[in-house]
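Below is one structure; the comments refer to it alone.
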Amino acid sequence: MKVLLPFILGMGAAMSSASPWMSPHPLQAEEEAPVALLPFPRVVQWGKAVRDVPPSSFWKIATNSACAQVMQSDAGSMLTTACRGFLQSLGDRPSLSKDRPITLSLSLENVPDLPAEGEREGYHLAVDARGVRISAPQPGGLFNALQTLRQLVLPGRDKLPCCEMTDWPAFLVRGFHHDCGRNFQTMESLKRQLDLASQLKVNYFHWHLADDPAWHVQCKSYPQLNDPQYRTRDKNDTYSYAEIRELFRYAHERHITVIPELDMPGHSDYFVRAFGFPMHSEQGVQALEKLIDEFCDEVPAALCPVFHFGADEVSVPNAEQFVERISRKIRARGRTPMQWEGPWDLPVSDSSIAQRWVQGKNPQKAESITSPTIDSSIGYSNLFEPALLVRRWFFMRPCGAEKGDEMRLGAIFCTWPDIRVEDKSRIPLHSPMWPGLCAMAERAWNGAAEEGDSLTVVLPPPDTEANHAFSLFEKRLVSIGRSIFANEHFPYWAESGWSWEVTQPVPDAEADEARKLMLAGGAPGELRRIPGCSLYFRTRAATWSLGLFPDAKPGVRVWVRSRVIVPEEGDYPFMIGFDAPTRSNRQYTGIPREGEWSQCGTRLWVNGKELPNPRHYQNAGKNRVAEPTWHTAEEERPISDDDIWWAQSPTLIHLKKGTNTIVIEQPYAVPFQSWEISMIPVRE
């Protein structure tokens, strides 16, 4: 198997270079960076020297008096955990004769160059001949600096670049969400997720604990809520209060605040099965008030300052009364209520944090936010495929703002595996959770002056700062995938350096003539040059018909063409895909039949020779789903790796030495198809 060189060439007329999107940090600092940092620091200067990194036993941790005092308090557990995590990241290696002791100094003090909004989590970090010095006004800043220090240790863990940086987040909330109400996650798995997220400076975990299949929280007041007979999935799985408190404390030690969500009055089929009456009835509200009291009695407000009560995707006759009564109960227990905000949700209480979730073609507008708001509208990991998900979070801005304030709090990146999952370890693979979270962490930490919504469907042209910034980010993303996420599913492959010639949609009746022209080097009309390996013509309605041709109707097709130069003849690996199901309603055109690239008539040529799909599928030709599967038996059939093209091994394509021409024909066959193309060289 060959590895593609980075000079993969496209051809065609250059697109307009107009693109207002600018990087929030100087790209020269990123170009000069000797190691991948994510999020990238706001201000950094790189020295020319590097320091040898001795084994952990050679490190001495020193603190100033303020820091030493905090280390002795409950808050000190966070700093102790961060120091331990850094030392463990050095790995076990024997000491060498050249090893010298090194001092890591931690100081709680004012940092002159930090802006006012950076005092809560900002820091200053310096590495030079004297050692490593970290200072911050608050413990959270010291924690964040230690995560940066972990990333600064170069591959091989024997060199540390000299540098000086001042860093702070643009947004207060940089969170991730996991739905454990539909698919129960073990404590071990959740702790692993918290460990990884904290290294990206993610500081909130939204824990969705109850949904239609089950109430997974221990219930002392109403034990029937934990009775397996009322559950439809994971029937014997319940989080005890001891485990819940343990996870809250575990998260706190990693500078992460847990937001528990007990969805009410919607997503509550289990409640009706267990009680015989709905949540919004008087009996139901009384039961919910008792359940809220029980949870708050068991989990102290110091660990759980925010309580999310859902209130989404439901219509009840007493909507305003329900919201005010539940939010009043939560406030009475010393917590801030939080709700989903969307067109199918109950009204958001004046005292609640709003979590916007409806995704679409247009970004959130900062001026439309008039109450404390968290943005979850940019992209769910279960809806998009890897490239589009990463593009959206990289180029779009949380809350439509350059940086946060008291109303625009930040972002929470969501994973909703609605469909029953048989092997829970495949969730981050089928829903590209970690690449998406990395992109969210980058943007929510750094902010951006300009909205880049239009750049998510069509990447910016090569001669723009936006394109250069994305290319540099991809390099960091892939590097972080190999380091921090080395033992995790991380389905992402860099797109930069590739481009396609793309036709306009051609009616099926004219396909034969268009095909002849494309294979002969001509074209059925004007071609557009589109950067990137993945092309989106029209995603399905569940993802708001995003794409180059959003108004297209089935009965047309496009052709794309590119040229690849390789140094020698051989088999080269590509990730290739043309449609995949959403992991929420599983709509899609199905697993290809043997020898075919899709169930839509996709065709692929290399150097004029048509190639059949060499892959063998266990369920070839099956799993075509035209209608959403919510609340149907189909929702209980797990998705397999056969359904998800990025969950499969690369496809080997034979290329000759020198220039090779690739042509793909992609029909738009049915309305529930996600009309797209991905052909990504595996360059590792």
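The values are calculated or read from the model by the stated rules, or taken from the named source; none is laboratory data. In this text the structure is predicted, and so the values were computed from the model without any measurement. Using ideal geometry, Cβ is built from the backbone for each residue, glycine included, and neighbour counts are taken over all protein chains shown.
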- Query: Scanning for something at pLDDT 90 or above, under 30 Å from residue 566 (Cα atoms), exposed (fewer than 12 other Cβ atoms within 10 Å of the Cβ) and not assigned by TED's automatic domain parsing to the domain that holds residue 199, does the stretch 15-25 turn up at least one residue?
  - Reply: no
- Task: Go through the stretch 190-240 and give me each residue that's more than 13 Å from residue 251 (Cα to Cα) and in a helix (DSSP H, G or I).
- Result: 223, 224, 225, 226, 228, 229, 230
- For the stretch 419-441, what are the residues that are polar (S, T, N, Q) and more than 12 Å from residue 382 (Cα to Cα)? 425
- When you scan the stretch 68-110, how many residues do you find that are surrounded by 15 or more Cβ atoms within 10 Å (Cβ to Cβ), of a type outside the set (Gly, Ala, Ser) and outside any strand (DSSP E or B)? 10
- Query: Could you say which residue among 521, 497 is on the phi > 0 side of the Ramachandran plot and either among the hydroxyl-bearing types (Ser, Thr, Tyr) or at pLDDT 95 or above (or both)?
  - Reply: 521
- Identify the residue in the stretch 230-254 that is more than 24 Å from residue 198 (Cα to Cα) and among the acidic types (Asp, Glu) and, among all such residues, is surrounded by the fewest Cβ atoms within 10 Å (Cβ to Cβ). 237
- Task: Could you please find all residues in the stretch 564-592 being within 31 Å of the chain's Cα centre (by Cα) and either outside the structural domain of residue 532 (by TED's automatic domain parsing) or more than 30 Å from residue 182 (Cβ to Cβ) (or both)?
- Result: 564, 572, 573, 574, 576
- Which is modelled with pLDDT of 95 or more and of a type in the set (A, V, I, L, M, F, W, C), of 4, 37? 37
- Tell me, please, whether a residue that is modelled with pLDDT under 95, more than 17 Å from residue 211 (Cβ to Cβ) and surrounded by fewer than 21 Cβ atoms within 10 Å (Cβ to Cβ) can be found in the stretch 339-349. yes
- Note on the structure: residue 276 meets each of (1) surrounded by fewer than 18 Cβ atoms within 10 Å (Cβ to Cβ); (2) among the small types (Gly, Ala, Ser); (3) under 30 Å from residue 82 (Cα atoms) with one exception, condition (3)
- Does residue 524 fit the bill of being closer than 17 Å to residue 457 by Cα, outside the structural domain of residue 437 (by TED's automatic domain parsing) and either surrounded by 22 or more Cβ atoms within 10 Å (Cβ to Cβ) or out of contact with any Pro (no Cβ under 6 Å at 6 or more places or on another chain) (or both)? no
- In the stretch 398-435, how many are in a helix (DSSP H, G or I) and in contact with a strand residue (DSSP E or B) (Cβ under 6 Å, 6 or more places away or on another chain)? 3
- Task: Determine which single condition residue 152 fails, assuming it passes every other condition in (1) crowded, with 18+ Cβ neighbours inside 10 Å; (2) free of Cβ contacts under 8 Å to residues at least 60 places away in the same chain; (3) farther than 15 Å from residue 441 by Cβ.
- Result: (2)
